[in-house]
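Written out below as structure tokens is the structure these notes cover.
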Amino acid sequence: MSLDRIRSSIDSAASAAGRDPGEVTLVAVSKMQPEDRVLPVLEAGHRVFGENRVQEAQTRWGSLAPRFPGVELHVIGPLQTNKARAAVEIAHAIHSLDRPRLAETLARLAQERGACPELYVQVNTGAESQKAGVLPDEADRFVARCHELDLPVVGLMCIPPAEEEPGLHFDMLREMAARNGLAGLSMGMSGDFEAAIARGATHVRVGSAIFGARD
Ligand SMILES: *Cc1c(COP(=O)(O)O)cnc(C)c1O
């Protein structure tokens, strides 16, 4: 099945880069996929899934997660402040921390709950007006602010502009993470995960290459 194919591509890309394949987590992006495509991936033993909408994640995983112990959900899409509470309740990680107001809300929730998902700061590496994420020249200050708020920021995330060479954006993100002392790099999707692994990705978010095209 496609899961096996993607896993072996991940292993080859990591080995080719002189990296341990175990350093790369595959986040299987199940957003907008019918359950009959998600079940085989669960049955094959995969447990790490990405969803971009909190409500869809709640609906799907509220019934699926109890049947498959160990499921780990990653929220990868833009997160509205009023969905933050629901997100922290279901998520192992949030890859889309992209603005001060959300950071403050998550900090408040973390204090209240005594726990917080792992967080990735999303950087708009292409400075695209329609895309979420902090701008590259604001990233260092934003990460520092998150640390002041005691938020468990573990890495950075980006989605390169569709028409550009993704490698330049992956390099930018890696350098930014290094100078901020962050180990996590959430980068690479179906079309470019191998390039992302060559440049240090620790989490690749792969949807259609595993599950097929979304409607
Ligand atoms: C949908 C999505 C993905 C997966 O995209 P594919 O091209 O299907 O692999 C990865 N990251 C984010 C943020 C997404 O919204």
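The values are calculated or read from the model by the stated rules, or taken from the named source; none is laboratory data. Everything numeric in this text was worked out from a predicted model, so none of it was measured. Cβ coordinates were reconstructed from backbone atoms using ideal geometry, including for glycine residues, and neighbour counts include every protein chain displayed. These area figures cover heavy atoms from the full protein model, side chains too; ligands, DNA and RNA do not enter into them. Shrake-Rupley method; radii C 1.70, N 1.55, O 1.52, S 1.80 Å.
Some notes on this structure:
- Exactly one residue out of R214, R205 is more than 17 Å from the chain's Cα centre (by Cα), near the ligand (Cβ under 10 Å from one of its atoms) and more than 21 Å from G18 (Cβ to Cβ), and it is R214.
- So V88, is it touching a Lys or Arg at 6+ places or on another chain (Cβ under 9 Å) and open to solvent by less than 40 Å² (accessible area, probe 1.4 Å): yes
- Some residue of segment 28-44 being acidic (D, E), open to solvent by less than 60 Å² (accessible area, probe 1.4 Å) and more than 23 Å from I10 (Cα to Cα): no
- Segment 144-192, residues that are away from the ligand (no atom under 16 Å from the Cβ), open to solvent by 30 Å² or more (accessible area, probe 1.4 Å), in contact with a helix residue (DSSP H, G or I) (Cβ under 6 Å, 6 or more places away or on another chain) and not aliphatic (A, V, I, L, M): N180
- Which listed residue is of a type in the set (K, R) and over 22 Å from P152 (Cβ atoms), from R101, R47, R5: R5
- Output for segment 23-69, where each listed residue is within 18 Å of A93 (Cα to Cα) and of a type in the set (D, E, K, R): E23, K31, R47, E51, R53, E56, R60
- Verdict on E128 being within 16 Å of the ligand (Cβ to nearest atom) and either in contact (Cβ under 8 Å) with a residue 40 or more places away in the chain or assigned to a strand (DSSP E or B) (or both): no
- Restricting attention to segment 193-214 and to residues that are part of a loop (DSSP other than H, G, I, E, B) and closer than 17 Å to D4 by Cα, the residue that is least open to solvent (accessible area, probe 1.4 Å) turns out to be G207.
- Members of segment 100-113 that are without any contact (Cβ under 8 Å) to a residue 40 or more places away in the chain and either open to solvent by less than 70 Å² (accessible area, probe 1.4 Å) or within 11 Å of C146 (Cβ to Cβ) (or both): L102, T105, L109
- Some residue of segment 82-90 being within 19 Å of R205 (Cβ to Cβ), at pLDDT 95 or above and away from the ligand (no atom under 16 Å from the Cβ): yes
- Residue check for P117: open to solvent by less than 10 Å² (accessible area, probe 1.4 Å) and of a type outside the set (S, T, N, Q): yes
- Of all residues in segment 14-29, those that are without any contact (Cβ under 8 Å) to a residue 12 or more places away in the chain have Cβ atoms under 6 Å from Cβ atoms of residues that are more than 16 Å from the ligand (Cβ to nearest atom) and open to solvent by 10 Å² or more (accessible area, probe 1.4 Å), 6 or more apart or on another chain, in P21/D11.
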